[in-house]
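The values are calculated or read from the model by the stated rules, or taken from the named source; none is laboratory data. Not measured: the values here are computed from a predicted model. For neighbour counting, all protein chains shown are included, and Cβ atoms are generated from backbone atoms with ideal geometry for every residue, glycine included.
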Amino acid sequence: MFFCPSRVPSDPRAVLRLAIAGDIHDQWNHQDHELLRWLRPDALLVVGDLSEGRQRIAALLQQVEIPLACVLGNHDSGKDPSGRRLEQQLEMLGERHCGWRLRELRPPGIAVVGARPGTAGGGFRVSQAVRSVYGPFNLHESAERIRSAAMAADPALPLVLLAHCGPTGLGSEAADLCGRDWKLPARDWGDLDLALAIHQIQQQRRLPLVVFGHMHHALRRGRGERRSFRIDGRGTAYLNAACVPRHGVDQLGRALHHFSWVEFDAAGCLLEASHRWFGSSGDLLYEQTLWKAPPAADPLALVASPVPPSGQGDRDPAAALLPRC
């Protein structure tokens with residue numbers, strides 16, 4: 001973790017840069033649009049929980065000028081069991097919503113597959129709103145929808161799974177990526193259908209990244225912060241982007257906007273993952289580095305990244321400068 005007063009640095013090997021908006025919870029405005037124009041990522045991924053079923057955020061996302069993929073979360077049904085509020089947002093997002101389906105973004109050249117929409121985690125819990133919109137389905141049918149969408153993706157493109165809640169298997173402590181922190185005992189609160197789909201996909205093709213939110217970084221009752229990044233033994237990276245609230249003000253009174261950020265090289269290998277807080281003029285004010293590929297001997301060489309140990313990012317005395325999610 002470190003303080004950085006400069007604009008976004010760029011690895012010379014990077015050919016694909018993704019901005020990720022964690023659980024929005026009504027915190028998206030035209031300043032975010034301006035930041036995207038300043039930062040110029042190649043695409044924007046949105047992990048859901050736009051609001052409590054209102055259409056304002058979905059309408060704003062229609063105005064985003066760069067390629068976008070989104071999956072809706074449990075809050076997006078607005079406690080409406082009929083599913084009508086969920087349907088209204090799905091209609092507004094149109095092709096941008098990729099729940100249970102493939103969305104190939106060309107440009108920039110990336111395949112995004114959405115997981116089960118409207119999930120609240122906890123293994124396989126399906127709300128009445130989701131059943132009202134999508135009809136009946138079981139765990140294995142949901143996993144197969146994710147797997148088959150991934151198998152339809154162009155194998156030449158890097159594949160990203162976009163989910164609201166992450167998969168089971170990432171730890172059962174409260175501070176783990178999908179750990180339950182609001183009730184004892186702590187337990188793994190990930191989605192089992194997503195975990196099954198990931199296992200099946202990994203047997204058939206490379207899966208460099210799974211992005212999700214839902215489990216907020218700040219743990220309940222002031223118990224610290226959640227781990228938000230991990231790489232498994234097959235080289236798949238898992239990134240929890242749910243920094244909530246994503247808008248804030250630092251100790252100097254500067255407005256902050258949060259995006260998680262990932263960069264890939266031309267071979268589709270992950271180069272970097274971080275959480276970034278930007279000022280209103282596009283300056284990178286704070287960055288939490290989660291993982292960075294080791295530099296090649298030739299900085300322009302495109303090499304496959306080795307599998308690193310899992311980690312949460314740098315921890316140093318400058319950590320106190322970081323805004324709290």
- Sole exception among (1) touching a residue at least 60 places away in the same chain (Cβ under 8 Å); (2) assigned to a helix (DSSP H, G or I); (3) not polar (S, T, N, Q) for GLY121, by number: (2)
- Result of the Cβ filter at 8 Å on the stretch 215-230, keeping first residues that are farther than 13 Å from HIS275 by Cβ and partners that are outside any loop (DSSP other than H, G, I, E, B), at least 6 apart or interchain, is MET215/GLY179; MET215/ASN240; LEU219/GLU225; ARG230/ALA237; ARG230/TYR238
- Message: Being under 16 Å from the mean Cα position of the chain (by Cα), at pLDDT below 95 and either surrounded by fewer than 21 Cβ atoms within 10 Å (Cβ to Cβ) or in a loop (DSSP other than H, G, I, E, B) (or both) is the requirement here; does GLN251 meet it?
- Response: no
- Task: Within the stretch 9-28, track down each residue that is at pLDDT 95 or above and in a loop (DSSP other than H, G, I, E, B).
- Result: GLY22, ASP23, ILE24, HIS25, ASP26, GLN27, TRP28
- Message: Let me confirm something: among LEU93, LEU72, LEU60, which residue is more than 16 Å from LEU162 (Cβ to Cβ) and either modelled with pLDDT of 95 or more or assigned to a strand (DSSP E or B) (or both)?
- Response: LEU60
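Residue-by-condition table, conditions (1) of a type in the set (Asp, Glu); (2) surrounded by fewer than 18 Cβ atoms within 10 Å (Cβ to Cβ); (3) modelled with pLDDT of 50 or more:
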residue	(1), (2), (3)
HIS257	no, no, yes
SER260	no, no, yes
ARG276	no, no, yes
SER281	no, yes, yes
ALA293	no, no, yes
ALA301	no, yes, no
VAL307	no, yes, no
ARG315	no, yes, no
- The lone condition ASP49 fails out of (1) surrounded by fewer than 18 Cβ atoms within 10 Å (Cβ to Cβ); (2) in contact with a His (Cβ under 6 Å, 6 or more places away or on another chain) is (1)
- Under 6 Å by Cβ, and 6 or more places apart or on different chains, what pairs join a residue from the stretch 18-33 that is over 24 Å from LEU270 (Cβ atoms) with one that is among the small types (Gly, Ala, Ser)? ASP26/SER51
- Residues ARG131, ARG116: which one is out of contact with any strand residue (DSSP E or B) (no Cβ under 6 Å at 6 or more places or on another chain) and surrounded by fewer than 23 Cβ atoms within 10 Å (Cβ to Cβ)? ARG131
- Task: Could you please find all residues in the stretch 230-246 being in contact with a Phe, Trp or Tyr (Cβ under 9 Å, 6 or more places away or on another chain), under 18 Å from ALA120 (Cα atoms) and in a loop (DSSP other than H, G, I, E, B)?
- Result: ALA241, ALA242, CYS243
- Message: Step by step: first the residues of the stretch 204-226, then only those that are within 17 Å of ILE146 (Cα to Cα) and not charged (D, E, K, R), then the one that is surrounded by the most Cβ atoms within 10 Å (Cβ to Cβ). Which residue is that?
- Response: PHE212
- Message: Taking the criterion of being within 23 Å of GLY109 (Cα to Cα), surrounded by 21 or more Cβ atoms within 10 Å (Cβ to Cβ) and in contact with a Leu (Cβ under 8 Å, 6 or more places away or on another chain), would at least one residue in the stretch 163-176 satisfy it?
- Response: yes
- Does at least one position in the stretch 150-159 carry a residue that is in a loop (DSSP other than H, G, I, E, B) and in contact with a Pro (Cβ under 9 Å, 6 or more places away or on another chain)? yes
- Determine if the stretch 132-141 includes at least one residue that is in a helix (DSSP H, G or I), free of Cβ contacts under 8 Å to residues at least 12 places away in the same chain and out of contact with any Cys (no Cβ under 6 Å at 6 or more places or on another chain). yes
